[in-house]
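The values are calculated or read from the model by the stated rules, or taken from the named source; none is laboratory data. Owing to the predicted nature of the structure, the values given are computational and were not obtained by experimental measurement. Don't worry about glycine lacking a Cβ; one is built from the backbone with ideal geometry, like all the others, and counts go over all protein chains shown.
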Amino acid sequence: MDLSDLKIFSAVVREGGVTRAAEHLHRVQSNVTTRIRQLEDDIGVALFIREGKRLHLAPAGQVLLDYADRLLALADEARNAVQDPRPRGIFRLGAMESTAAVRLPGPVSEYHRLYPEVEFELRTGNPPTLSKAILAGELDAALVTLPIADALFEKVAVFEEEPVIVSAAGMPAIGQGKNKGKTEYFPRTIIAFEHGCPHRKRLEDWYALRDQMPERTIELGSYHAMLGCVAAGMGVALLPKSVLTTFPESKRLRVHRLPPGENRADTYLIWRKGAGSPKIQALRDVLGAHRAGKRVS
């Protein structure tokens with residue numbers, strides 16, 4: 001049974017016979033008759049009681065008619081939804097923890113104002129995890145940092161972050177060079193998310209470029225927990241400077257800015273190549289306007 005069979009069956013019932021149904025559907029009568037017979041063979045029951053050339057709807061046909069009407073209406077609804085250029089339905093968005101906490105509240109609020117028929121589902125994670133979720137069909141798009149496989153994803157830059165190293169307020173400057181007559185200081189404990197976090201890798205690379213290696217890594221699951229530990233003098237962390245605006249005890253921290261070439265991290269909106277949608281395009285517009293300091297109308 002397919003939708004075209006149900007459409008023909010419904011037309012025969014509504015039009016009161018094969019002849020008028022054929023005219024309505026712009027088909028020859030023999031084709032309509034054959035399709036009705038094939039539908040009955042497929043289902044295994046007679047849908048009509050035949051008296052000569054007249055057809056009367058059988059009890060089984062009456063049952064099928066109700067389902068046929070609902071299925072055809074649902075098919076039309078699905079077709080219209082797919083072809084509708086308006087953003088609507090569930091939008092499964094992924095984001096890094098810092099992006100979700102600091103960057104998304106404003107744009108998502110604006111998105112809801114513009115497109116109330118969209119319902120967000122947000123998942124946080126590191127870039128590799130979010131990228132895999134997109135390829136598995138579990139997410140529509142995600143906000144991540146590079147590197148991203150260009151062959152698999154489309155992307156657009158939406159946020160620019162300044163990564164900084166933070167320590168407790170009383171700690172000395174980190175990484176002072178010997179050529180300045182000062183002893184180099186590299187804290188031996190770093191505080192970070194699990195492997196896969198781009199900020200953790202950036203901090204590990206920062207140490208490696210200076211021929212250093214932290215002796216201990218404390219893994220935590222939230223930035224506020226990390227900053228609390230940093231403020232207590234347990235170690236140092238690297239994170240976007242924007243995150244510090246959400247930490248009420250920021251006066252207990254010392255911010256160490258990175259040198260040029262290491263002090264920028266772009267966040268990208270990514271989605272599977274060839275899988276763009278009105279919802280993703282609308283988010284691109286909102287994020288682009290937000291980055292430019294404009295309001296989407």
Residue match in the stretch 64-80 (condition: acidic (Asp, Glu), under 31 Å from the mean Cα position of the chain (by Cα) and modelled with pLDDT under 90): yes
Residues located in the stretch 43-63, provided they are modelled with pLDDT of 90 or more, loosely packed, with under 12 Cβ neighbours inside 10 Å and more than 18 Å from Arg14 (Cα to Cα): Gly44
Among residues of the stretch 171-185, those that are modelled with pLDDT of 85 or more and either under 18 Å from Met226 (Cα atoms) or among the β-branched types (Val, Ile, Thr) (or both), counted: 2
Candidate set from the stretch 239-297 (those that are within 16 Å of Ser167 (Cα to Cα), among the hydrophobic types (A, V, I, L, M, F, W, C) and part of a strand (DSSP E or B)); member that is nearest to the chain's Cα centre (by Cα): Leu239
Residue identified as assigned to a strand (DSSP E or B), surrounded by 14 or more Cβ atoms within 10 Å (Cβ to Cβ) and among the acidic types (Asp, Glu) among Glu119, Glu110, Glu160, Glu154: Glu154
Flag for Glu97 being assigned by TED's automatic domain parsing to the domain that holds Leu287, within 16 Å of the chain's Cα centre (by Cα) and in contact (Cβ under 8 Å) with a residue 40 or more places away in the chain: yes
Leu130 under 15 Å from the mean Cα position of the chain (by Cα) and either in contact (Cβ under 8 Å) with a residue 12 or more places away in the chain or exposed (fewer than 12 other Cβ atoms within 10 Å of the Cβ) (or both): yes
Breaking point among (1) of a type in the set (A, V, I, L, M, F, W, C); (2) more than 25 Å from Tyr223 (Cα to Cα); (3) in contact with a helix residue (DSSP H, G or I) (Cβ under 8 Å, 6 or more places away or on another chain), for Phe120: (2)
Criterion (in the same structural domain as Ala141 (by TED's automatic domain parsing), touching a residue at least 24 places away in the same chain (Cβ under 8 Å), closer than 28 Å to Leu122 by Cβ and out of contact with any helix residue (DSSP H, G or I) (no Cβ under 9 Å at 6 or more places or on another chain)) met by exactly one of Arg284, Arg200: Arg284
Strands (runs of 3 or more DSSP E) lying entirely in the stretch 1-105 (those with 3 or more residues that are out of contact with any Phe, Trp or Tyr (no Cβ under 9 Å at 6 or more places or on another chain)): 48-51, 89-95
